[in-house]
Amino acid sequence: MNMKKYSCPKCGHGIEPKNINASKDIVYCSGCGEVSSFLSIVGKLREANAEDEERRLLNAPPPKHLKVVSDPTDMTGRISFVYRKFSPMAIFLVPFTCAWGGGSLSMIYGRQISSGQFSLHDTLFGLPFLVGTVVLVSMSLFMIFGKRVLTIERGQGRYFFGVGPIGFSRRFKYDHRTRVRKGETSYSVGGSKGGRGGHPLPELHLTHPDSANTIHVCAGMSDDALAYVAAVLRRGAARV
């Protein structure tokens, strides 16, 4: 088993495993005789690793399906992340929507139109099928043409998800006090909110001391896309 290598925070000398007492939070350096906190050294090592990973992400091109749009002449520092990805579930959902929605609506409403006879009972009976068809069509369109757009600029941000100009959006504060971390949705795919039988989607959680609520954005993006967006957001917040 490979042991992690730790260095003395004072002289940089490598610390031998026998000089580490994690239970007492003590590290002894045989090079300079300094006694340090083990948790402090571990914390600094994690921060350094995180900075190295962030630097690697920022020096690499954006991940697949993620487009970064920025204008160097924009004095607000505006930058947008546009994420589009075709969902394989659409291969099943589109035919199902056509068969289920088209069949039920043609039988309930098409029959009334063709016969020229209106039935209040049949019309009311068909409303749940009509609503269900609208929902299924909306889901199918999002799976095929949907996009997630996160735009940040000095002092504020905006998140949108939908198809074309139609969808949901929200605005939030964004500056050097904004904290960005990776989280998960409160609902599960294949299950219900707080239920079982599914897995939560990854997303980003943005918190600001002037806002009471945590902002949830980018749910459903791939892990590499989320990591890239988070790295840019942290670097941008530090500069605002």
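Among the listed values (1) 1.04; (2) 1.49; (3) 1.36, the one computed from these coordinates for Cα Rg over 2.2 N^0.38 Å is (2).
Measuring r between the beta carbons of residue 107 and residue 138 and using R0 = 25 Å, the FRET efficiency lands at 0.70.
Solvent-accessible area per residue in the range 7-115 equals 68 Å², computed with a 1.4 angstrom probe and all protein chains kept. For residue 161, neighbours were defined as the other residues whose beta-carbon sits under 9 Å from its Cβ, and their charges (Lys and Arg +1, Asp and Glu -1) total +2.
I need to check one value: relative contact order of the chain, counting alpha carbon pairs closer than 8 Å and at least 6 residues apart, in percent.
Relative contact order for the chain comes out at 14 percent.
Surface composition of the range 1-124: carbon plus sulfur atoms hold 60% of the accessible area, using a 1.4 angstrom probe and ignoring ligands, DNA and RNA.
So what is the calculated 222 nm ellipticity per residue for the chain, using -39500 (n - 2.57) for each DSSP H run with n of 4 or more, over all residues, to the nearest 500 deg cm²/dmol? The partial results should precede the final answer.
Values: 5 runs with 87 residues, N = 240.
About -12000 deg cm²/dmol.
For residue 170, neighbours were defined as the other residues whose beta-carbon sits under 13 Å from its Cβ, and their charges (Lys and Arg +1, Asp and Glu -1) total +4.
Once the Cα atoms are used to define both axes, helix 120-145 deviates from the longest principal axis of the chain by about 40 degrees. Between helix 89-105 and the chain there is an angle of about 20 degrees, using the helix long axis and the longest principal axis of the Cα atoms.
Quick check: net charge around residue 59, other residues with Cβ under 12 Å of its Cβ, Lys/Arg +1 and Asp/Glu -1?
Values: positive: 55, 56, 235; negative: 52, 53, 54.
Neighbourhood net charge equals 0.
Along the axis of the charge dipole computed for the chain (Cβ charges of +1 for Lys and Arg, -1 for Asp and Glu, origin at the Cα centre), the listed residues 116, 134, 57 are led at the positive end by 57. Charge dipole of the chain (Cα centre as origin; +1 on each Lys and Arg Cβ, -1 on each Asp and Glu Cβ, all else neutral): 220 debye, rounded to the nearest 20. Angle of helix 38-59 to the longest C-alpha principal axis of the chain, folded into 0 to 90 degrees and rounded to 10: 50°.
Please go through the residue pairs 147/182; 44/67; 5/64; 64/147; 10/182; 85/182 and name each one whose alpha carbons sit more than 23 Å apart in this structure.
Numbers: 147/182 20 Å; 44/67 33 Å; 5/64 35 Å; 64/147 14 Å; 10/182 33 Å; 85/182 20 Å.
In this structure, 44/67; 5/64; 10/182 lie more than 23 Å apart at Cα.
The values are calculated or read from the model by the stated rules, or taken from the named source; none is laboratory data. The shown structure was predicted, so the numbers you read here are calculated from the model rather than taken from an experiment. Quick reminder, even Gly has a Cβ in these numbers, built from the backbone with ideal geometry, and neighbours come from all protein chains shown. Keep in mind that these areas ignore ligands, DNA and RNA; they rest on the heavy atoms of the full protein, side chains included. Shrake-Rupley method; radii C 1.70, N 1.55, O 1.52, S 1.80 Å.
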